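Structure, as structure tokens:
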Amino acid sequence: MDAPYAIEMVNITKRFPGIIANDNITLQLKRGEIHALLGENGAGKSTLMSVLFGLYQAEEGVIKKDGKEVMINNPNDANDLGIGMVHQHFKLVQCFTVLENIILGVESTKNGILQMDEARAKVKALSEKYGLQVDPDAKIEDITVGMQQRTEILKMLFRDNEILIFDEPTAVLTPQEIDELMEIMKNLRAEGKSILFITHKLNEIKAVADRVTVLRRGKYIGTVDVAGTSKEEMSRMMVGRDVNMVVDKTPANPKDVILKVENMTVASKMHSNNAVKNVSFEVHEGEIVCIAGIDGNGQTEFVYGLTGMEPLVDGKITLCGEDITKSSIRQRSKLMSHIPEDRHKHGLVLDYPLEYNMVLQRYYQPEFTSKAGFLKRAEIRAYSERLEKEFDVRSGQGPITIARAMSGGNQQKAIIAREVDKDHKLLVAVQPTRGLDVGAIEGVHKQLIAERDEGRAVLLISLELEEVMNVPDRILVMYEGEIVGELDPKKTTVEELGLYMAGAKRNVNIDANTAEIEESEVIDTARKEEA
Amino acid sequence: MKEKKSLLKNPSFQAILTSLICIVLGLFIGFIVLLLINPAGAGEAIMTILLNFFTRASAAAQMKALGNTLAKTAPLLMCALSICFCYKVGLFNIGAPGQYEAGACIGLYAALAWHCNWVICLLLAAVAGAVVGAVSGALKAYRNVNEVISGIMLNWIMLYLTNMVLSGKKVKDPASPYTIKLASGNKGALIPSAGLNKLFANNTTVTIAIPLAILFAVLIWMILSKTKFGYELRATGFNKEAAKYAGMKEKQNIIITLAIGGALAGIGAAFLFLTGYQEWSTTQTSVPGMGFNGIAATFLGGLHPIGTIFASFFIQSITDGGALINKSVYPSQISDLISSIIIYLCGFVLFFKFAINNWISKKDKGGPNVNDVPVKDDAAKAEGGEK
């Protein structure tokens, strides 16, 4: 009876100190199906996959392959069982070629010399069979993210893996690349591969998955057929309540200029070119402006330049009428709040308790430090408790919980609480919903809109298309360090946005008339390509 | 969290326990080495190391020996505090011996050549140590030179610089390689004992340096855990990038940290050489062990300023005890060998801590532990999805 399942995880329980990450979870992957694993952040998806991949051992429950119980003690065991994984952050050697990366670890040699020809032939055959176009001799550092992902997929196929795990694979792709990936996944299914697809994007589940298993807070909620379940039902299963999928907001009412950026140029740390080139725009009181773009097009460096983490090569920044081009981070932080892109690297001191992280931007103020330089611990505790309550930040031990021990979503909530609560006129929110679940995302979006309605300026930097389309009042698209387009989210489409993001289209910095012509040409070529 | 927590999980208890395990293990391995060399005297020798001053015949002699151990504990504690302080800020101050040498150099030179009184000498020693520490700090902050590398190199540079400076006419005893005794050169530079010597059978090397060192330990603990300054320094140590993001001057903090570490080590040198316990040998060709033993004391003390007080005393005590081993039975190097084995094992504190935690988590597997994740939403609604 168990035979139809390629892999089964039965009644898996995995505990960590103070938390049950997986509580009696059952996941059954049929042969030749795309099975989505859906859950909030901290729902236990990663833990479950780590158990499957041999990174953790479950305390209870069994894993069965083809109906037979197996032990997976480390990733090598998983590999031997034909389980492969495309990690969210690719595990590729940057200075190696595609082919070298694919054979890494399973090289065939003769007298100690690499035998590449056989491998090349196999890779070629595989890429043709599944429609995975790659140049085997291109170096990883030179190819697009989409191609890097295809390399990762080929890596699994080269090892004859039958069970393929995709961990949030679409986060780094353009809309066009996402479509391609969906096609590839369908091809793989057609060839009899079984796919586990970890995601929190309901659209993608609807597009490719056959069945979906939902987890919530470590508990198994259910497994349902995708075809017979609406997106609203799935999100309700995931979050445990109704989620408003559309962001409610009134039209913006922009007033005075809060932030003015003129000709900003920022150097890159990776290469000798500038990462941000001659960027100019304004953000007004009472509006949300979003900088959209594919990851790695200068957004990170732009934020560093804006917040004072890196010096500008050229340009001028004016905040509330004051030139802050040369101001220190602390001076800027008096009027600017910053939700950083990387919460572990910048946003938190992970080894500090939550309460210390809550005052990270304010600890030096008289409210929290006495004149003699002693921390006012009682005040810090009380402040942290208030923010935790107001922003629903959950943790094992309240203010004294070490930040490292908190879930990603709650870490992010803590940062947002801290940044929103402090005095500011401008909120710079860099991927504020990164890695958050639908319910938490809704909360963050509401927060951003509330900020706007309270008369602050919000600059949102986002990679998520849904967020880009729904939250801001204006969209600026960044491509290779330049602002290539300004769009009105109410009038544009995801497809058009995608063309700007991919650099195929631009509508600023060009004379208006020629822009019209160029635009139509670009669209023509795009259409031809599609055909 | 009202339920009874296992004592083993208490971090302070764990720190003390792991330190004790290290000590016992160190003594045990030391004992085995003694057995291998000469089984007959091993038991007596290990007891001598452990008991140190208690082996003396009379109560007065015991107190005098204890006084000697305490006198040397003060400088060791200062070096340990130097390393502990920097470690809390994420820096490994292996340059403490060099900062200690700088303190000895300027402290003694000020005492003998400039005839300064002890307070001035002490302050100058602190400044000298701070300057050497700041050099490592600046290299780290602005050029990302690892403080371990620059620290080790500065240890040697400062050793020979100190030898050179203290070989000067005004400071060196012409008849020996040592600097002039403070008792004859400049009595005012001796740290006062304020009557403490009376408690230790008139041991004149027992001075207010000992309570001062303990005071420094408390002060360092207060700074690190209670002040804004400590908050910034520790944040910088834990996560330099987050410190920068929060507008702290992370580069400056690194330099200040190593400068403070240097000052502590410099004061440590003053606490030894300004008590008249010992003179500087201008022909020495090895970096003084005081700074290195400070590393062991830091780890044995559970990386806590208060813990280092006890750890420093213990390490100094076994070092002194080692010197008392019967030299007719064992070669003369044995004392250093045994104490270094014990000190070496003190470095394993973190390893044992890790092992204990591993063991606890293994043991905890079966126990229920559900109270942390509040599932407060309405489960009823969700049941619609369960098929």
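The values are calculated or read from the model by the stated rules, or taken from the named source; none is laboratory data. Predicted model, so just to flag it, every value in this text is computed and none were measured. Ideal geometry is used to build each Cβ from the backbone, glycine not excepted, and the neighbour counts take in all protein chains shown.
Only one entry of B:Lys5, B:Lys64 meets the criterion of being modelled with pLDDT under 90 and in a loop (DSSP other than H, G, I, E, B), and that entry is B:Lys5.
For every residue, the table says whether it meets (1) crowded, with 24+ Cβ neighbours inside 10 Å; (2) in contact (Cβ under 8 Å) with a residue 60 or more places away in the chain.
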position	(1), (2)
B:Ala110	yes, yes
B:Ile120	no, no
B:Leu124	no, no
B:Ala134	no, yes
B:Tyr160	no, no
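Quick check on segment A:344-356. Is at least one of its residues closer than 17 Å to B:Lys226 by Cβ, touching a helix residue (DSSP H, G or I) at 6+ places or on another chain (Cβ under 8 Å) and in a helix (DSSP H, G or I)? Yes: one or more hits. Taking the conditions exactly as written (buried (at least 21 other Cβ atoms within 10 Å of the Cβ) and more than 28 Å from B:Gly129 (Cα to Cα)), does B:Leu36 satisfy them or not? Taking the combined requirement at face value, the residue does not satisfy it.
Look through A:Asn111, A:Asn101 and report the one residue that is without any contact (Cβ under 8 Å) to a residue 40 or more places away in the chain and not assigned by TED's automatic domain parsing to the domain that holds A:Ala171.
Details: A:Asn101 fails: without any contact (Cβ under 8 Å) to a residue 40 or more places away in the chain.
Step by step, each of A:Asn111, A:Asn101 is checked, and only A:Asn111 is without any contact (Cβ under 8 Å) to a residue 40 or more places away in the chain and not assigned by TED's automatic domain parsing to the domain that holds A:Ala171.
Applying the condition of being of a type in the set (Lys, Arg) and closer than 11 Å to A:Ala414 by Cα to segment A:386-400 and asking which residue is nearest to the chain's Cα centre (by Cα) yields A:Arg394.
Out of A:Gly293, A:Gly308, A:Gly298, which single residue is modelled with pLDDT under 95, of a type in the set (Gly, Ala, Ser) and more than 19 Å from A:Gly485 (Cβ to Cβ)? Break it down into steps so the answer makes sense when it comes.
Numbers: A:Gly293 fails: more than 19 Å from A:Gly485 (Cβ to Cβ); A:Gly298 fails: more than 19 Å from A:Gly485 (Cβ to Cβ).
The conditions single out A:Gly308.
Among the residues of segment A:249-304, those that are of a type in the set (Val, Ile, Thr), surrounded by 17 or more Cβ atoms within 10 Å (Cβ to Cβ) and not in a loop (DSSP other than H, G, I, E, B) comprise A:Ile258, A:Val261, A:Thr265, A:Val266, A:Val276, A:Val279, A:Val283, A:Ile288, A:Val289, A:Ile291, A:Thr300, A:Val303. Using the structure shown, decide if A:Leu132 is touching a residue at least 60 places away in the same chain (Cβ under 8 Å) and either aromatic (Phe, Trp, Tyr) or in contact with a Lys or Arg (Cβ under 9 Å, 6 or more places away or on another chain) (or both). Here the answer is no, as A:Leu132 does not meet what is asked. Can you find a residue that is touching a residue at least 24 places away in the same chain (Cβ under 8 Å), under 27 Å from A:Ser235 (Cβ atoms) and in a helix (DSSP H, G or I) anywhere in segment A:196-203? Yes, that holds for at least one residue. Across segment A:5-61, the qualifying residues are those that are farther than 25 Å from A:Met156 by Cα and of a type in the set (Lys, Arg), and the one among them that is farthest from the other protein chains (Cβ to nearest Cβ) is A:Lys14.
Given the structure, is A:Asp453 in contact (Cβ under 8 Å) with a residue 40 or more places away in the chain and among the charged types (D, E, K, R)?
In short, yes.
Restricting B:Ala265, B:Ala242 to residues that are within 14 Å of chain A (Cβ to nearest Cβ) and crowded, with 24+ Cβ neighbours inside 10 Å narrows the list to B:Ala242. Which members of segment A:305-338 meet the condition of being crowded, with 21+ Cβ neighbours inside 10 Å, within 11 Å of chain B (Cβ to nearest Cβ) and farther than 15 Å from B:Met248 by Cβ? Result: A:Met336, single match.
The single condition from (1) within 14 Å of another protein chain (Cβ to nearest Cβ); (2) without any contact (Cβ under 8 Å) to a residue 40 or more places away in the chain; (3) in a helix (DSSP H, G or I) that B:Phe310 fails is (1). None of A:Arg377, A:Arg381 is more than 10 Å from chain B (Cβ to nearest Cβ) and either within 29 Å of the chain's Cα centre (by Cα) or at pLDDT 90 or above (or both) except A:Arg381. Might you check whether a residue that is touching a residue at least 40 places away in the same chain (Cβ under 8 Å) and more than 17 Å from A:His424 (Cβ to Cβ) occurs anywhere in segment A:315-333? Yes - at least one qualifying residue is present in segment A:315-333.
Taking the criterion of being closer than 12 Å to B:Leu272 by Cβ and over 15 Å from the mean Cα position of the chain (by Cα), the only residue of segment B:55-96 that qualifies is B:Asn68.
Filtered by the rule that a residue be within 15 Å of B:Asn93 (Cβ to Cβ) and within 14 Å of another protein chain (Cβ to nearest Cβ), segment B:245-255 gives a lone residue, B:Asn253.
Is segment B:182-195 home to any residue that is in a helix (DSSP H, G or I), touching an Asp or Glu at 6+ places or on another chain (Cβ under 7 Å) and over 18 Å from B:Gly294 (Cα atoms)? Give the derivation first.
Initial filter on segment B:182-195 (in a helix (DSSP H, G or I)): B:182-185, B:187-189.
When the remaining residues are screened for being touching an Asp or Glu at 6+ places or on another chain (Cβ under 7 Å), the result is none.
No, because not a single residue in segment B:182-195 is in a helix (DSSP H, G or I), touching an Asp or Glu at 6+ places or on another chain (Cβ under 7 Å) and over 18 Å from B:Gly294 (Cα atoms).
Screening A:Arg241, A:Arg216 for residues that are within 14 Å of chain B (Cβ to nearest Cβ), more than 20 Å from A:Glu168 (Cα to Cα), of a type in the set (Lys, Arg) and touching an Asp or Glu at 6+ places or on another chain (Cβ under 8 Å) leaves exactly one candidate, A:Arg241.
Of all residues in segment B:224-235, those that are more than 9 Å from chain A (Cβ to nearest Cβ) and either modelled with pLDDT of 95 or more or buried (at least 21 other Cβ atoms within 10 Å of the Cβ) (or both) total 1. The single condition from (1) within 26 Å of the chain's Cα centre (by Cα); (2) under 17 Å from A:Val283 (Cβ atoms); (3) in a helix (DSSP H, G or I) that A:Arg332 fails is (1).
Here segment A:113-151 is the region considered, the condition is being surrounded by fewer than 20 Cβ atoms within 10 Å (Cβ to Cβ) and touching a strand residue (DSSP E or B) at 6+ places or on another chain (Cβ under 9 Å), and the residue that is farthest from A:Ile198 (Cα to Cα) is A:Gln115.
Assuming A:Lys110 fulfils every condition listed in (1) surrounded by 16 or more Cβ atoms within 10 Å (Cβ to Cβ); (2) at pLDDT below 85; (3) of a type in the set (Lys, Arg) apart from one, which condition is it? That leaves (1) as the condition not met.
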